[in-house]
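**Student:** Quick one: this structure, given as structure tokens, is what I'll be asking you about.
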Amino acid sequence: MKQQDDQLPQQPRPGPRPQWSLTLITLAMLVAGADAADDLTPRGDAALGALLAEVHAGHEAPALAAALVRGDDIISAAIGLRRAGDGSEVELKDRFHWGSLTKSMTAVVAATMVEQGKLEWQTPVARQLAIRRPDPRLERVTLRDLLEHHGGLRANATQPFSFMVPEPNGIDRATRRELARVFLQTPPEHDPGTRFHYSNLGYIIAGALLEETADQPIETLIRDRIFKPLEMTNSGFGAPANGIDDPDSQPWGHRDDGTPVPPGPGDDNPAWLTAAGRAHGCVTDLARYARYHLQSPAGLVCLESETIQDLHQPRSEAAEPAACGWFVSRRTWARGRVLTHTGSNTMFYAVIWLAPEIDTALVAVSNIGGKSGAEATDAACAAMIDAFIPRDR
């Protein structure tokens, strides 16, 4: 069974690297056709596309896409192949798997329900799910504990749940509900509330609670409460090429060694992992989502701006600065606080950065997992920082 392989976010490194400028980008545009591998043509914004062409040429990713948010403006670009070897070139609207970037979306859905008075952050989850005889240490675990990785739960669900859903992209709320029951009745790895421990399982249980409360699948909740109001029209769930008439029209995932994974069984984690990490979409949609978190206009998704801002606050007593679907840190280029996360289903890689002090966000995605995907997306973000974010503010 595949599980999310997310670790703490890869950081764009502030050490020595090429100092891009718009002049250098323009020169790169003139020579990109000669220097870029296989004469690939960047799609989207010309300056960002030329920058990505240089990054792409130096990494193993079949395809790479990135976007920069500054205020209301979004620029985005993509370059590369949907499938290594003989695939067609990617387009700007092509979809990439976002992995654990889905976690912050699950948290946003939870926040909308708290605003509506249908849930409370501090009410025990086992009680809200009517779990009989939960483990005594898990009786008081709250929704907020789960979203901040303080539930004490193991990192991932284990066997036999990998065999409980025969169709990997099927929506099976009963399986998610049963998984929540079993693991809330199972002793935790740590005392809840006492320490940070990254847990996909915690988000799966949180998703089961949201489904039970709204009587809708988590996919519908994210689509209706986030994708639709933010006009994320090229977003969905599961492997991007699975279940469509022309699977060659979307990127395929690739193992870290570059092997493409065809659509079908084995191209993604099972559907009961959606709340922890199965959203996908084009890079511009991901940028729209990042822009919403920067601006958090009242009434668009959540009723109040303060609701989203509250999700960005790390647990005050925690040694690890984890918020609800975010890690919180500080960066010189951001003039202060940043929120970030990475995501991977082992065959795609995605990263998001929010820099509220300069009203800027960066996102990058690739259709390869592991070290190759991490390095390519990290380099794309680092290049955007050097090229587009002034250092003399």
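**Student:** Before we move on, is S76 farther than 30 Å from E148 by Cα and in contact with a Lys or Arg (Cβ under 6 Å, 6 or more places away or on another chain)?
**Tutor:** No.
**Student:** Here's a follow-up. Pick from the range 115-148 the residues that are under 26 Å from the mean Cα position of the chain (by Cα) and polar (S, T, N, Q): which of them is farthest from R315 (Cα to Cα)?
**Tutor:** Q116
**Student:** Still on this structure, I have one more. On the given criteria, is A361 crowded, with 24+ Cβ neighbours inside 10 Å and among the aliphatic types (A, V, I, L, M)?
**Tutor:** yes
**Student:** Could you tell me whether the range 250-263 includes any residue that is surrounded by fewer than 20 Cβ atoms within 10 Å (Cβ to Cβ), part of a helix (DSSP H, G or I) and over 19 Å from the mean Cα position of the chain (by Cα)?
**Tutor:** Within the range 250-263 (the criterion being surrounded by fewer than 20 Cβ atoms within 10 Å (Cβ to Cβ), part of a helix (DSSP H, G or I) and over 19 Å from the mean Cα position of the chain (by Cα)), the answer is no, since none of the residues qualifies.
**Student:** Looking at the range 93-112, which of its residues are of a type in the set (S, T, N, Q) and within 13 Å of the chain's Cα centre (by Cα)?
**Tutor:** Once the filter is applied, which keeps residues that are of a type in the set (S, T, N, Q) and within 13 Å of the chain's Cα centre (by Cα), the range 93-112 yields S100, T102, S104, T106.
**Student:** Among the numbered conditions (1) on the phi > 0 side of the Ramachandran plot; (2) under 22 Å from the mean Cα position of the chain (by Cα), tell me where G193 comes up short.
**Tutor:** All conditions are met except number (2).
Laboratory data are not the source of any read-out in this text; all were calculated from the coordinates shown. Keep in mind the model is a prediction, meaning the values are calculated, not measured. Glycine also receives a Cβ, built like all others from the backbone with ideal geometry; neighbour counts cover every protein chain displayed.
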